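Remarks on the structure that follows.
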Amino acid sequence: MIEQKTPHLTNFQMWEAWKEQGDLEVKKKLIEQYLPLVDYVTNRMAIGLPKNVMKDDLASNGVMGLIDAIEKFDYCRGLQFETYASWRIRGAIIDGLRQGDWVPRSVREKAKKVEEAYQHLEQKYLRSVTDAEISSYLQVSEKEFLGMLQDIAVTTVCSLEDPIREEESETRMSMLVDDKAKNPDYKVHEFYLKESLVKGIERLTEKERIVVSLFYYEELSLSEIAEVMSLSPSRISQLHSKAILRLRGALAKHKDQLMQH
């Protein structure tokens, strides 16, 4: 929990003063109180991004996401603001990255080829395919394949935030955490999504599963994971990329199913 910066008001009283009375001074104090969240999310997302992407730019977008969260948060529902704000901050940073077109077309095409290779081969063999099999399919050496993974590592940072449908804001990850939707269509989509993810995760190698678990559930950075697993950060980056590309391949079938509804 983030330390309180206003000892005279409880957290609930601060939200009440801002939401019910429109107290701008309290709003400013709330922003100051939760600024460490922006640093936390920014530092996690900065890993693996190209050097031309400035952390200050990420943080600026993140602050806008924090302000948006403070303006839209419903304090009466008893939810954790930190969780809600983290999603808003992350979303604002991703929007900024997309608008900046920070991934060259050649890298996007490379990522698409590898993702399609995983999707095709793993549907064909119904198992996790090896680096050698992927390299053979792509007609490159294993060394070249690992180099490709390094190049496209930046495209996997936000992969679970990609919209399920281009014209909508709903993401794969939001479907996993949204327990409020009750309509039948949602339940069908949720079933196929979870089924696809389970199958995808089953095909990850042991090391890939560990990386995904530590990064997305334990919230360690890639450099911290490298320390835990006694591997180089570049090797962890490769494992993360392979895991995400496998999962994206598994989710592609689910996306096609959604489009048919």
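The values are calculated or read from the model by the stated rules, or taken from the named source; none is laboratory data. Computed from a predicted structure; not experimentally measured. Here the Cβ positions follow ideal geometry from the backbone for every residue, glycine too, while neighbour counts run over all protein chains shown.
Restricting ILE134, ILE152, ILE164 to those that are within 16 Å of LEU247 (Cα to Cα), among the β-branched types (Val, Ile, Thr), modelled with pLDDT of 85 or more and out of contact with any Gly (no Cβ under 6 Å at 6 or more places or on another chain) reduces the list to ILE134. The number of residues in the stretch 212-221 that are part of a helix (DSSP H, G or I) and either in contact with a Lys or Arg (Cβ under 9 Å, 6 or more places away or on another chain) or of a type in the set (D, E, K, R) (or both) comes to 1.
Within the stretch 98-110, the set of residues being touching an Asp or Glu at 6+ places or on another chain (Cβ under 9 Å) and either at pLDDT below 85 or of a type in the set (A, V, I, L, M, F, W, C) (or both) comprises GLY100, SER106, VAL107.
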